[in-house]
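Peer 1: Have a look at this one.
Just so it is clear, none of the values below were taken in a lab; they were calculated from the coordinates. Not measured: the values here are computed from a predicted model. Counting neighbours? That spans all protein chains shown, and the Cβs are built from the backbone with ideal geometry, glycine included.
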2 protein chains.
Amino acid sequence: MLDEAVKLESLPEAGGEPERRVRDRGATERAILAAAKGLLAEEGFQNFGINAVARRAGCDKQLIYRYYGGLDGLVEAIGADLGTWVKDRIPEDTGGMFLLTYGDLMERLSLLLLDALRNDPLMRRILAWEISENTEQVRRLSEARSKALALWLERMRGSLAPPKGVDAAAVNAVIIAAIQHLVLAAASGGQCAGLSLKTSKDWEKTATALKRIVRGVYG
Amino acid sequence: MLDEAVKLESLPEAGGEPERRVRDRGATERAILAAAKGLLAEEGFQNFGINAVARRAGCDKQLIYRYYGGLDGLVEAIGADLGTWVKDRIPEDTGGMFLLTYGDLMERLSLLLLDALRNDPLMRRILAWEISENTEQVRRLSEARSKALALWLERMRGSLAPPKGVDAAAVNAVIIAAIQHLVLAAASGGQCAGLSLKTSKDWEKTATALKRIVRGVYG
DNA sequence: CCCGCTACTCACCGATTGGTGACAGCGGGA
DNA sequence: TCCCGCTGTCACCAATCGGTGAGTAGCGGG
């Protein structure tokens, strides 16, 4: 048997920090998931890896393998968490407006989506990830995000039907594409196609242009 | 004084490939630049590094440091090369159409840009890079791309003035954002906001929606 | 013919990556 | 009380990364 006392003394700062992590698998799992989401949101997918997540969670990476089956499972858990995105962003009322026409609806939806993405770094990082990589793990994350977005749109749309004669699905996809790219460009470079996207005044101009476009198609 | 014959024989596949690279600095520089552009276009910015470029160029990475001053200089050289992007994509005529209104112009420009980006993997990768990272090297590359795009738009616009009463700069930025995001989403996931972007039929629908949007704002 | 300049290659460095096996320590059940 | 299982830690692995210093190979001018 080896001398434990010596071994304990040889530990760096042994006893310096009184709060030793209690043995709680659930808490550790939550800490890992939170670390992963925070890391992805703050640093982006570039330096998103087992080592970085474990470092941020303050535990050994082995636990990530054990509890989530590696990075893939962890990413999948993040995707599952994305389901909560929807219910957090469904306003109870229509903001005091009466949405009589499909144009009213889409204008409001566009601006809401723009703001929601502007204030959601995690969603932005996932969006950028989707565009930059095409691996299986990203594809599944993308699917979860896409599903959340679709559900959100459906809930918001209510029973209002799109006008006939226009391919609303395609038009809306183009509009959503514009919103997503504007937000991504703003978050990284602060501009898009020469249009500055920094100050709130910039965003007012952008919102106005977006409204004008939506009104142009849907009247 | 050392035996060359033995040394030659010890080389792997010595004499197997008769074409030994001639000593030509210019050619090597061009090979490195071509390797960098090809690698970026095909593999994306994720695995874009000194080692990978040198491997593809078939030379030692040391030469990249020597001739381009490292990856930064190489990226800058790619950016400088982007200036040629403009002149390659300026059609001589207007495709037999008379562009009487600003709406005519923007509709045509939108579709041209859509196609140009769809057929330019390097530009797409750079675009995705801009959105995902915000380092100095990417910022400079972004600037070069932005400048090229602005020049292209200016050349194409000619002397046609935008209608009064609309913030054409903002509206056009939104439209360009939509185009860029659609192309990026198509290249990675094959869809955007539930809209499939794979077959040519998909793209026809998208183009129609885009035209409808442009016509909506600019009449 | 030889020498020197230059293009080029190689070997090595420390750091970091994803991944695995072994071990320590606590706690509950037999 | 002993022991097994679960939680957590640590040490180590091969591979790859960016980066550097030293040395080789070949062409051209004297």
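Peer 1: Can you list residue pairs whose Cβ atoms sit under 7 Å apart, with the first residue in segment B:30-54 being surrounded by 19 or more Cβ atoms within 10 Å (Cβ to Cβ) and the second being in a loop (DSSP other than H, G, I, E, B)? Count only pairs 6 or more apart in sequence or on different chains.
Peer 2: As it stands, the answer is B:Ile32/B:Cys59; B:Leu39/B:Phe48; B:Leu40/B:Phe48; B:Ala54/B:Asp60, since those pairs meet every condition given.
Peer 1: Another question, if that's okay. Among B:Lys205, B:Lys198, which is among the basic types (Lys, Arg), within 9 Å of chain A (Cβ to nearest Cβ) and free of Cβ contacts under 8 Å to residues at least 60 places away in the same chain?
Peer 2: B:Lys205
Every residue, every condition in (1) surrounded by fewer than 17 Cβ atoms within 10 Å (Cβ to Cβ); (2) away from every other protein chain (no Cβ under 11 Å), yes or no:
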position: A:Asp115; (1), (2): yes, yes
position: A:Ile131; (1), (2): no, no
position: A:Asp167; (1), (2): yes, no
position: A:Ala170; (1), (2): no, no
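Peer 1: Could we say that A:Pro91 is away from chain B (no Cβ under 12 Å) and surrounded by fewer than 15 Cβ atoms within 10 Å (Cβ to Cβ) here?
Peer 2: Judged against the criteria, A:Pro91 is a match.
Peer 1: Mind checking which residues of segment B:46-70 are within 11 Å of DNA strand C (Cβ to nearest atom) and within 22 Å of the chain's Cα centre (by Cα)?
Peer 2: The answer is B:Ile50, B:Asn51, B:Ala54, B:Ala57, B:Ile64.
Peer 1: Picking from A:Leu99, A:Leu112, which residue would you name as being more than 19 Å from A:Lys37 (Cβ to Cβ), away from DNA strand D (no atom under 16 Å from the Cβ) and more than 21 Å from the chain's Cα centre (by Cα)?
Peer 2: Answer to the check: A:Leu99.
Peer 1: Kindly indicate whether B:Leu153 is out of contact with any helix residue (DSSP H, G or I) (no Cβ under 6 Å at 6 or more places or on another chain) and within 8 Å of chain A (Cβ to nearest Cβ).
Peer 2: The answer is no for B:Leu153.
Peer 1: Filter segment A:150-182 down to the residues that are more than 17 Å from A:Ile213 (Cα to Cα), of a type in the set (A, V, I, L, M) and touching a residue at least 24 places away in the same chain (Cβ under 8 Å) and list them by number.
Peer 2: A:Leu151, A:Leu153, A:Met156, A:Leu160, A:Ala161
Peer 1: Moving on. Considering each residue of segment B:94-148, count those that are part of a helix (DSSP H, G or I) and under 24 Å from A:Phe48 (Cβ atoms), and give that number.
Peer 2: The total comes to 15.
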